[in-house]
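Working notes, structure below.
The values are calculated or read from the model by the stated rules, or taken from the named source; none is laboratory data. Being a predicted model, the structure only gives us computed values, none of them experimental. Neighbour counts are summed over all protein chains in view; Cβ atoms, including those assigned to glycine, are modelled from backbone coordinates with ideal geometry. Protein only, heavy atoms only, side chains kept; ligands, DNA and RNA dropped before computing areas. Shrake-Rupley method; radii C 1.70, N 1.55, O 1.52, S 1.80 Å.
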Amino acid sequence: MERRAWTHRGALALLLAGGILITGCSGTGTTTDSAGDRGVAGSTGPAGGKRAPATAAEISASLSGAGTAKTLYIRSLVEVCDSDTDNHAVAGEYYRSAHPSTLLTQWVKSGFYTCASSSQASNVIKLRVREQQISGEDRFGSWKY
């Protein structure tokens, strides 16, 4: 079985022949089907060559250094990363095309510099980052479409 590994902004990805992509970020991870050999969009390949760029259909959001959220696999999966050491939990809030009036939330609760991923489902239609505040109202990024 052929295996290829590469890094992408601190995350580790391992693609096994047969279309299974295993990703992880600081010790956490998720396994998802990768429709073909797409790997991690926009990442550097094993020989240092560039992988295919992210499709224009993907959404990316951030909140002032607190965290990031992005869609993968043509908006079917959400990945949220906590990018700071302030002990405030970070979440990605999003709506999917199958239930456009239902707000969904993917929290990163495993600590700073870690990521969490949603399950793959219908297309994400909008996405934003939320940072939990202990002694006040949560902070929200703007909606990205």
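Gain in length, K126 to K109, computed as 0.36 nm per residue apart minus the alpha-carbon separation, to one decimal in nm?
Working: separation 17, 0.36 × 17 = 6.12 nm, distance 2.20 nm.
Extra length from K126 to K109 when fully extended: 3.9 nm.
Per-residue 3J(HN,Hα) values for region 70-81, derived from phi via the Karplus relation 6.51 cos²θ - 1.76 cosθ + 1.60 with θ = phi - 60°, read 8, 9, 9, 6, 6, 6, 8, 9, 10, 10, 10, 10 Hz in sequence order (x marks Gly and Pro). Using a 1.4 Å probe on the protein heavy atoms, what percent of the accessible area of region 94-138 belongs to carbon and sulfur? C and S fraction of accessible area: 48 percent. If R0 equals 30 Å, the separation of the Cβ atoms of H99 and A57 corresponds to a calculated FRET efficiency of about 0.95. Peptide packing for 108-116, 86-94 was compared via the average number of neighbouring C-beta atoms within 10 Å per residue; ordered from the highest value, the list is 86-94, 108-116. Could you please tell me the mean projected area of the C-alpha convex hull for region 84-145, averaged over all directions and given in square nanometres to one decimal? Mean shadow area of the hull around the Cα atoms is 4.6 nm².
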